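Everything below concerns the one structure shown next.
The values are calculated or read from the model by the stated rules, or taken from the named source; none is laboratory data. All values reported here derive from a predicted model rather than from experimental measurement. Reconstructed Cβ throughout: ideal geometry from the backbone, glycine too, with neighbour counts over all protein chains shown. Areas reflect the complete protein model, heavy atoms only, side chains present, ligands, DNA and RNA absent. Shrake-Rupley method; radii C 1.70, N 1.55, O 1.52, S 1.80 Å.
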Amino acid sequence: MTTGAVPRTSLAPTPVTASPAEPMRTADAVTAHTLLNCLIREVSAPEHQVTVDDDHLLLRLPRRGVLLRSRLRRASLIGAHRFHGPVQRLDDDAWVTVGWRELAGYIRDELELRTGVTNEEFLTQVADSRDTICTALEERACATPHADPYVASEQSLVFGHRFHPAPKARTGDPVDWLAYGPETGARFRLRHLAVRRHLVREEGDLHEMDALCPTADPGFAILPVHPWQYRLLRDHDRLREAMASGDVVDTGVSGPDLVPTASVRTLYHPDSNTFLKFSLNVRLTNCVRKHASYELSGAVALNRLLQPLFAELAGRFPGCVLLAEPGYRTLDAEGDTALLEGLGVIVRSGLRHHLRPGVTPLLAAAVADEYPTSTAHVSHLLARGDGDVLAWWNAYLRLLLPPALAAYFEQGVVLEPHLQNVVVGVDADGTPAQMFFRDLEGTKLLPGHHRRTLDDLPDDVGGPLTYDPERGWNRVAYCLLVNHTAEVLSALADLDPTLEPALWGLVRDHLAAYARTAAEPPRLRALLSGVPLPAKANLLLRWARRSDRHATYVPLPSPLGADFPREVIR
């Protein structure tokens with residue numbers, strides 16, 4: 001008998017908010033809990049203003065002088081708690097309910113006092129995110145999930161990142177994005193521009209894209225354009241001039257339907273098994289999601305370097321795959337940066353030719369979702385097998401941790417294996433069998449390992465491809481252990497909270513096992529001694545109105561040390 005087996009009757013996620021049939025109430029509750037997560041992690045906990053009191057978590061805003069509480073559904077060893085019911089504020093001797101808007105106002109006031117600066121966008125972005133969630137829930141009530149479980153998992157993330165103050169904030173009115181949002185099960189055809197060859201800038205292998213968008217005229221190349229982006233750029237003066245001269249021809253909307261994945265701007269064609277990653281001049285969470293010029297060339301340079309390196313990793317760690325990004329194409333109209341970056345499209349190879357027989361790919365973020373809306377959730381996967389949580393988790397960690405650690409420590413490659421950048425392949429009984437790493441945008445190199453490659457690149461391409469070792473380690477440790485491992489672990493602990501110490505024990509075992517094979521790297525020795533884990537400070541980043549590359553980190557208590565207390569500190 002295995003001690004990690006969970007009774008089958010418990011293998012269903014516990015509802016923590018109102019039913020999606022009540023979108024407004026659900027959106028309000030999730031938004032409040034998400035703001036609370038950010039406040040605890042980045043403000044109150046680092047200043048020792050958080051405590052657990054029986055079944056409630058209490059936290060104080062030290063500068064604002066406000067005491068808040070929320071009922072705990074489950075306490076977490078690293079402070080990634082689960083909440084149930086409203087957030088409340090102490091008013092004299094009574095606890096009164098605080099709505100998401102009022103809570104956002106308290107956070108704004110606290111951060112103004114803390115930083116000495118204001119951010120007039122903050123409340124609007126929180127409201128935009130809440131409204132997007134509400135609208136998506138309303139639309140999903142009438143929609144049918146995609147028949148392909150992989151596509152359904154990509155389109156299931158209604159609530160977004162639970163440690164971001166505005167995880168679903170989007171530029172524009174819902175009418176601007178409803179037709180293109182993954183949460184609503186959208187599918188649509190692309191706009192196509194025929195571009196004279198002398199105005200085409202491209203690198204790498206583009207045969208997968210050209211198979212989707214063929215042209216019969218050798219003097220032109222077909223440039224697919226996201227229809228939302230076309231609406232945003234169609235009145236650009238230089239583009240209109242090129243169309244008027246015949247150098248660019250709008251051939252209209254045509255071709256097969258593609259489906260948006262979780263990132264919104266990356267589209268997937270299920271039949272050809274090809275991904276196209278577009279620019280979108282739209283702010284999604286932190287950033288306007290367009291390709292910088294150096295990212296286009298950088299993706300191809302990274303792909304050439306990483307494919308043989310990952311082939312080596314796959315030989316050592318069977319089941320790990322890096323999805324290739326073999327080429328890009330864009331419009332280079334007299335050096336117009338807005339068009340060059342705004343119309344750039346990167347090809348990403350698909351999953352199918354890597355999949356082992358009987359394996360189903362699923363987005364890791366859907367597997368770990370606190371508010372599950374698809375059958376990709378870990379509770380459903382466990383229900384397909386024997387329900388042994390620890391055995392399932394052991395298989396997952398074996399696939400996830402060693403290749404990402406080896407990439408950093410041995411190959412000098414900083415991957416970003418956060419939940420949205422990893423696809424998990426599960427076999428018929430729901431057991432993890434393969435791990436697919438994707439998206440080279442955030443992948444960086446340590447200069448000490450790759451000086452010759454970097455020297456061969458233009459400075460404006462090679463420079464942004466590098467991290468120093470400390471910054472690189474913070475990024476790897478955050479994406480791999482805090483954003484990814486801890487969140488899947490949390491979803492498992494929801495099924496049986498008594499297993500959380502054992503789940504963290506398995507993480508430690510896998511880290512220690514890799515460390516022994518890699519001559520005990522000092523950063524891993526420190527991690528195993530219990531040094532704090534680095535958590536990306538999304539709230540502070542958004543308050544400062546800076547992009548992801550300027551992210552800072554806050555320390556989290558680490559359960560990885562051998563002497564870590566295996567209970568919630570009260």
Once amide hydrogens are built 1.01 Å from N within the peptide plane, the residues lying 5 or more places from VAL158 or on another chain with amide H under 5 Å from its amide H are none
As a test question: what accessible area, to the nearest 10 Å², does SER349 have when a 1.4 Å probe is rolled over all protein chains in place? 10 Å²
Is the C-alpha gyration tensor of the stretch 457-544 telling us rounded, prolate or oblate? Criteria: a/c under 1.5 is rounded; beyond that, a/b larger than b/c is prolate, otherwise oblate. oblate
Work out how much length ALA179 to VAL531 would gain on full extension: take 0.36 nm times their residue separation and subtract the Cα-Cα distance, in nm to one decimal. 122.1 nm
Compare the Cα positions of PRO218, ALA166, ALA186 along the charge dipole of the stretch 149-222 (+1 at Cβ of Lys, Arg; -1 at Cβ of Asp, Glu; about the Cα centre) and return the one farthest towards the positive end. ALA166
Please give the peptides 544-553, 508-517 ranked by average Cβ packing (other Cβ atoms within 10 Å per residue), highest first, as a rough proxy for protection. 508-517, 544-553
Per residue, how much accessible surface does the chain expose to a 1.4 Å probe? Answer in Å², no decimals. 39 Å²
How large a share of the accessible area of the chain, in percent, is made up of carbon and sulfur atoms when the probe is 1.4 Å and the other protein chains stay in place? 51 percent
Acute angle (nearest 10 degrees) that the helix 122-140 long axis makes with the longest principal axis of the chain, alpha-carbon atoms: 80 degrees
By per-residue mean of other Cβ atoms within 10 Å, what is the highest-first order of 388-397, 42-51, 112-121? 388-397, 42-51, 112-121
Counting Lys and Arg as +1 and Asp and Glu as -1, what is the net charge of the other residues whose Cβ lies under 15 Å from the Cβ of VAL422? -2
Stretchable slack from VAL288 to ALA314, in nm (0.36 nm times residue separation minus alpha-carbon distance): 6.0 nm
7 Å from Cα along Cα→Cβ at both ALA513 and ASP257: what's the point-to-point distance in nm? 4.3 nm
If a/c stays under 1.5 just call it rounded; otherwise compare a/b with b/c (prolate if a/b is bigger, oblate if not). Do that for the chain, with a ≥ b ≥ c from the square roots of the Cα gyration tensor eigenvalues. prolate
Hey, rough spin-label estimate for ALA544 and GLU241, points 7 angstrom out along Cα→Cβ, what's it come to in nanometres? 3.9 nm
To the nearest 10 Å², what's GLU520's accessible area with a 1.4 Å probe? 70 Å²
Net charge, LEU296 excluded, C-beta distance under 11 Å - Lys, Arg +1, Asp, Glu -1: -3
By the C-alpha gyration tensor axes a ≥ b ≥ c (rounded if a/c is under 1.5, else prolate when a/b exceeds b/c, else oblate), the shape of the stretch 284-390 is oblate
